[in-house]
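Here is the structure we will look at, set down as structure tokens.
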Amino acid sequence: ISLGGLSLQVGEVPFSVDQEWHDCTIDLPQIGVINATLKVLNFYETTLRGGQQSLRIGCQFVDMPTTAQNLIQRYIVRMERERKARESGLG
């Protein structure tokens, strides 16, 4: 997740590039819930750690309100803090 959009891991391809999904609900743990419109930008296969194939789609936020952007920013900062704490042995 970023301020511009997010990537999703999916099991099949129920979408097309430029398709928009309206009224999506995204739960940012311990931060809050945001509603968003997502626009599909691309899709691609990746290989997971166990060697399993996975399909990922890249989505862009469409007309994201400032309040939702603020929640996303808080979530990103929180996740980064937790990651740094784990790496330094504090978490």
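The values are calculated or read from the model by the stated rules, or taken from the named source; none is laboratory data. Because the structure is a prediction, the values reported are computed rather than measured. We place every Cβ from the backbone using ideal geometry, glycine too, and count neighbours over all the protein chains shown. Heads up: the accessible areas ignore ligands, DNA and RNA and are worked out on the full protein's heavy atoms, side chains in. Shrake-Rupley method; radii C 1.70, N 1.55, O 1.52, S 1.80 Å.
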**Request:** Would you be able to say whether some residue in region 46-68 is touching a strand residue (DSSP E or B) at 6+ places or on another chain (Cβ under 9 Å), open to solvent by 70 Å² or more (accessible area, probe 1.4 Å) and not in a strand (DSSP E or B)?
**Result:** yes
Within region 1-24, the count of residues that are within 13 Å of L71 (Cα to Cα) and either aliphatic (A, V, I, L, M) or open to solvent by 70 Å² or more (accessible area, probe 1.4 Å) (or both) comes to 2
Going through region 19-45 in order, the residues found to be touching a Leu at 6+ places or on another chain (Cβ under 8 Å) and either among the polar types (S, T, N, Q) or part of a loop (DSSP other than H, G, I, E, B) (or both) are I31
V40 meets each of (1) open to solvent by less than 40 Å² (accessible area, probe 1.4 Å); (2) within 13 Å of I72 (Cβ to Cβ) with one exception, condition (2)
Output for Cβ contacts, cut-off 7 Å, separation at least six or different chains, first residue farther than 23 Å from L3 by Cβ in region 36-60, second hydrophobic (A, V, I, L, M, F, W, C) and part of a strand (DSSP E or B), reads E45/L55; L55/V10; L55/F43
